[in-house]
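A short reminder: the numbers here are calculations on the coordinates, not readings from a lab. Remember, predicted model here, so these are calculated numbers, not experimental data. Neighbour counts are summed over all protein chains in view; Cβ atoms, including those assigned to glycine, are modelled from backbone coordinates with ideal geometry.
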Amino acid sequence: MTIDSISLKDLLLTIRKEMADAFSNAYWIRAEISEIRENANGHCYLELIEKDSSGKLIVAKSRASIWADTYRMLKPYFIKETGQELKSGMKVMVQVTVSFHELYGFNCAIRDIEPSFTIGDLARKRQEAIRQLQEDGIWDMNRTLDLPTPLTRIAIITSSTAAGYGDFIDQLKKNKQGYIFHTTFFPATMQGDGAADSIINALDKIYEQQEQYDAVAIIRGGGATTDLLAYDEYELAACCAQFPLPIITGIGHDRDQSVVDMVANTRCKTPTAVAAFLIEQMDETADNLLQIEESLKSLMDEFLKNAHSRLRNNALSLSQRIHLLLREEKQEMERTQGNIKHSISLLLMRQRQRIKESNVKIKNTIKSRISEEKHHLEISEKAILLLSPDYILKKGYSLTIKEGKIVKSQSELNKGDTITSIFVDGKKESIIK
Amino acid sequence: MAKKTNTYKESISELENIITELEENQLEIDDLANKAKRATELIKFCKEKLYGTEDEVNKILEDLDKE
């Protein structure tokens, strides 16, 4: 059996020829870059794919290339327009010519690129991430966290190679107010492929020891501002949004805010701005403390002053009261004294009166007594006078005395006795016969 | 969240309470000395949180001298 056959090369050359005839035009196609690499000659080799509507299943795949002379122009143009480098996962609209080579197979040679398509796609993805975060209900979670006071213990996620990190630490620690910041460094890749995962990894580490920090600073010091797509990725943004500590970003790019910036508690443009913000927060805290201190001081002064004047008033009124009381007592005493004096003088007067009266009475009594006695005496005198020998002698009687004794009877006398007769005007002796 | 932070916050709110008591004349003269002492302690504590303890400050000053 003889079968007609041609060599592989003949077949492939035929395909090459047919294809060149049939697909001589250039075509604008939409595809996703799944692989991309530059070689030393300046050519760029890619793999373009298309996925189904679910975004999971690859339904078309082709090699592609951008030859060095084209790539030299397309690359800066694309970066200038989109702010991004061509990279895997990126959707592009490119103008290609197709060719088939017996040795290298099918290839799309990229002649031109439409950056607005990629921009639109990135914007759509970004929008999609934002919508998803809002739908998940986590959009505001980090943004609404209160910044703790004082804000001193900062976990810092940045690249270990970032020159800006040293400046940032310097700026923070040598603040002229003398605030103490405690910083801990968590290294991560801050841009390009793997940045999102690397930052999420660092956040996980911080999460495990979250009590030790007041906030997280995600900073990216200097470097090209390309390839910051990580900060628009849903996973990283979702991780930041739900993080329990406030996140402060200083990613440093000129274009619109990234999604991470949007969900972060505080967004600063640069690491320098983050440091300034942290110091500012401390200024506020310190101001607040100073105000409290000053109002306490003045309130206590006032309190003491009031208490002092109250005391003085009390003391004053006390002394006034004492004076008043003393005056009243004095008056009362004087009144009592007056009363007593009056009573006493009244009493004295009465007594005197009575004494006087008694005196008069006594005098009268004595007088009358005396006169009575006198009268009595007079009577007695008279009687005595009447009875006295003189009185009797005057009347003519005489006394006969014998030997010194009064003779009361004639019988006492004998003849011859000498008697003495006493008369009022003298005596005469006689002899009895 | 963090224990230390709460303590600062608590200190501030305690200080604010003392201010309120003073403003509303709720304090007795007997309490004043105690409250003043307490306020001084709290302010010292808060300042240490912001400016570090004396040791820390001295260390920083030393570091600055070295440079």
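Summary table
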read-out: Shape category assigned to the stretch A:1-140 from the gyration tensor of Cα positions, a/c cut at 1.5; value: prolate
read-out: Residue order, fewest to most beta carbons within 10 Å, for A:Y213, A:Y27, B:Y51, B:Y8; value: A:Y27, B:Y51, B:Y8, A:Y213
read-out: Inter-part distance where the stretch A:360-414 and the stretch A:82-105 are each reduced to a Cα centre, Å; value: 196
read-out: Of A:E329, A:E211, A:E357, the one that fluctuates the most in a GNM where chain A has Cα springs shorter than 10 Å; value: A:E357
read-out: Residue among A:L151, A:L229, A:L347 with the largest mean-square fluctuation in a Gaussian network model of chain A, springs linking Cα atoms under 10 Å; value: A:L347
read-out: Student exercise, the stretch A:348-433 dipole from Lys, Arg, Asp, Glu Cβ charges, in Debye to nearest 20; value: 720
read-out: Most mobile of A:K87, A:K61, A:K415 in a GNM of chain A (Cα contacts under 10 Å); value: A:K415
read-out: Positive minus negative residues near A:T420 (Lys, Arg vs Asp, Glu; Cβ under 10 Å); value: +1
read-out: Dipole of the protein assembly as shown, positive direction: furthest Cα of B:Y51, A:I119, A:T82, with charges on the beta-carbon; value: B:Y51
read-out: Chain A: calculated mean residue ellipticity at 222 nm from DSSP helix runs of at least 4, using -39500 (n - 2.57); value: -17000 deg cm²/dmol
read-out: The stretch A:271-375 - Rg over Rh from alpha carbon coordinates, Kirkwood radius; value: 1.92
read-out: Cα-based helix-to-principal-axis angle, A:271-387 vs chain A, degrees rounded to 10; value: 10
read-out: Shape of chain A, Cα gyration tensor, a/c cut at 1.5; value: prolate
read-out: Counting DSSP beta bridges with both ends in the protein assembly as shown, the antiparallel % (nearest 5); value: 65
read-out: Test item: Cα-centred dipole of the stretch A:68-203, Lys/Arg +1 and Asp/Glu -1 on Cβ, debye; value: 440
